[in-house]
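Written below as structure tokens is the structure these notes are about.
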Amino acid sequence: MNSRRQLEQTAGPPRLPKHAQKKEDSSSKVEDKEMAAILASMDTVTVEDAEAGSLSWQLTDVVMQMEQYACTGAKLKELVRTTYNKSVEDQNFAKVGARLCGEMATHEVDGVKLRSEVLTRLQEDFKKKESLHASDGAVFLGFVTLLCELFGVLHINGEPMKALVGPVYDTLMELLSSKCVSNDEVLCCTMQLEHIGQTLERNDSSRMSTLMGKVRDCALGKNTTPFSRCLIMEIVERHANGWEPLPQDVSEYYSSTLEKLMSEK
């Protein structure tokens, strides 16, 4: 769905999320040269690298730098804090951040486990998802994206973490809870359903039925834009097709329609 990705990547410049501004003091600025180098390397990793089944050399290089940096429990916590905040403040980086956390999931030093640190931060933001959504929509989109992408990469014994199934559903429902759901919110929801919808439904089909009902309701909203309706109808068809790719002619129809609507913005 190239049209979806094109719109997603036209988002505004990344900024420090409000909740991070409150939590982190002036010492949070990256003064550590090693960390600064890791952040610079992270910026070389593309979404395509993050989506690939095998590790690209860029991804491999960043993972090696992260492993070398996280040689103490304190440094591992700092690595998680920095990667998490970068992912939340820049929605386009969230997929890369999630893949990096997935590759480092089992890293442990001084009794500190990377996966546990990431899950703790997710839990903190999940508990305040409603207020975060209301106060800073852009940061909430980053959180939703990171949570869903982590659900897609964090596995235990080859299976997705069941503890994340409920929070992912709850967060996607919250994403569509506004009286006037924005294009960005619809895009975020449908993009994530494209990636993890099948796995979510396999783990809780009843909640998927509820979520897809909410998605369809959004299409009927009087303030829903033609662009959002097109995104919704495409994901509804994907769901009806068992999440399998749509026939080429149908996919091309949606792609061309989205491109036309994007050009009219």
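Details
- Net charge, VAL250 excluded, C-beta distance under 12 Å - Lys, Arg +1, Asp, Glu -1: -4
- Taking θ as phi - 60° and the Karplus parameters 6.51, -1.76 and 1.60, the scalar couplings of the stretch 213-230 work out to x, 5, 4, 5, 4, 4, 5, 8, x, 5, 9, 6, 7, x, 4, 5, 4, 5 Hz in sequence order, x denoting glycine and proline.
- Computed over the chain, relative contact order equals 16 percent, with contacts defined as Cα pairs under 8 Å that lie 6+ residues apart.
- Gain on full extension, evaluated as 0.36 nm per residue between ASP110 and LEU246 minus their Cα-Cα distance, stands at 44.1 nm.
- Rounded to 10°, Cα long-axis angle of helix 57-69 versus longest principal axis of the chain: 40
- Per-residue packing, averaged as other Cβ atoms within 10 Å, sorts the ranges 215-228, 239-252 into the order 215-228, 239-252, beginning with the highest.
- The computed Cα extents along the principal axes in Å for the structure shown corresponds, within (i) 52, 37, 34; (ii) 64, 58, 31; (iii) 51, 38, 38, to (i).
- Whole-Hz ³J(HN,Hα) from phi, Karplus 6.51 cos²θ - 1.76 cosθ + 1.60, for the stretch 131-141, glycine and proline x: 5, 5, 4, 6, 8, 8, x, 5, 5, 4, 4
- Surface accessible to a 1.4 Å probe, per residue, for the residues of the stretch 138-253, Å²: 44
- Rough spin-label spacing in nm, given labels placed 7 Å along Cα→Cβ, for LEU55 and THR210: 3.9
- Count Lys and Arg as plus one, Asp and Glu as minus one, and take only other residues whose Cβ is under 11 Å from that of LYS129; the net charge is then -3.
- Rounded to whole Hz, the Karplus (6.51, -1.76, 1.60) HN-Hα couplings of the stretch 96-101, x for glycine and proline: 5, x, 5, 5, 5, 5
- Sum of side-chain charges, LEU176 neighbourhood, beta-carbon under 14 Å (Lys, Arg +1; Asp, Glu -1): 0
- 28 Å Cα-Cα threshold exceeded, pairs from LYS33/LYS127; LYS86/LYS127; LYS86/LYS214: LYS33/LYS127; LYS86/LYS214
- Here the simple spin-label model places points 7 Å from the Cα toward Cβ, and for SER177 and ASN223 these points are separated by 1.6 nm.
The values are calculated or read from the model by the stated rules, or taken from the named source; none is laboratory data. As the structure is a prediction and not an experimental result, all values here were calculated from the model. Please note: Cβ atoms are built from the backbone with ideal geometry, for glycine as well, and neighbour counts cover all protein chains shown. Remember, those area values only see protein heavy atoms, side chains included, never the ligands or the DNA or RNA. Shrake-Rupley method; radii C 1.70, N 1.55, O 1.52, S 1.80 Å.
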